[in-house]
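K.L.:
First, the structure itself, so that you have it in front of you.
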Amino acid sequence: MLNDHYNFVWMDASFRFLRSDLDGMYKMAHENGGIVFFYRAFKITSFTNPLMYEYLPTNMKKLRETYFGGGDAFLRNTPDLYSNVLYWWFLCALEKDCIAPKGSQLSCRSPKGSEYVNCHRFDMSASSLLSANHFDYNNSRYILSPKDHKYIVIRRYPTRRKNIQVCNFQ
């Protein structure tokens, strides 16, 4: 995909576009070198298993004050973004102990501040951590502020997971 397309959107499967005007995000991504997250969530350290930091080193003091980019982003495949974020994100995804450190789980309680709440967001943790490192922990350089949400509206709907039932026919 990266060889064929210069711009792309990465987002969680439960997100839905209701309307969009990508011009503002494109402009921001063009100015910052390639990535814009659509919204900010909690602090990165709240939803990142501390064992991930063994693979993706960071400045923990600064990271504790940095917000998580949600499970969505507009990306441009620039050399700068590729070598500083995407390359390391892909390598992390190939190493189970990086992308899914021991003890990682999705469900957890709501965070208070930057304390780890015993859950991990896997690909979102890696992309948020690497983007924070790349942009020197300055969220305003790569996450749309709430006032900029005029560019895109996202409504997250529950996924429709089906439990598979096995029938034993004799």
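K.L.:
Out of 85, 36, I need the residue that is farther than 14 Å from residue 125 by Cα and among the β-branched types (Val, Ile, Thr). Which one?
P.N.:
When all the criteria are applied, what remains is 36.
K.L.:
Residue by residue through the stretch 121-145, note down the ones that are open to solvent by 60 Å² or more (accessible area, probe 1.4 Å) and in a loop (DSSP other than H, G, I, E, B).
P.N.:
Matches in the stretch 121-145: 136, 138.
K.L.:
Give me a count of the residues in the stretch 53-67 that are hydrophobic (A, V, I, L, M, F, W, C) and out of contact with any helix residue (DSSP H, G or I) (no Cβ under 6 Å at 6 or more places or on another chain).
P.N.:
Residues flagged as hydrophobic (A, V, I, L, M, F, W, C) and out of contact with any helix residue (DSSP H, G or I) (no Cβ under 6 Å at 6 or more places or on another chain) within the stretch 53-67 amount to 1.
K.L.:
Can you name the residue in the stretch 91-120 that is in contact (Cβ under 8 Å) with a residue 60 or more places away in the chain, open to solvent by 30 Å² or more (accessible area, probe 1.4 Å) and under 17 Å from the mean Cα position of the chain (by Cα) and, of all such residues, is nearest to residue 49 (Cα to Cα)?
P.N.:
Step by step, filter the stretch 91-120, then rank; the result is 116.
K.L.:
Next up: What is the number of the single condition among (1) within 13 Å of residue 142 (Cα to Cα); (2) in contact with an Asp or Glu (Cβ under 8 Å, 6 or more places away or on another chain); (3) open to solvent by 10 Å² or more (accessible area, probe 1.4 Å) that residue 10 does not meet?
P.N.:
Failed condition: (1).
The values are calculated or read from the model by the stated rules, or taken from the named source; none is laboratory data. Predicted model only: the values in this text are computed from it and were never measured. Here the Cβ is made from the backbone with ideal geometry for all residues, glycine too, and neighbour counts use every protein chain on show. Each accessible area value is taken on the protein alone, full model and side chains, heavy atoms only, with ligands, DNA and RNA left out. Shrake-Rupley method; radii C 1.70, N 1.55, O 1.52, S 1.80 Å.
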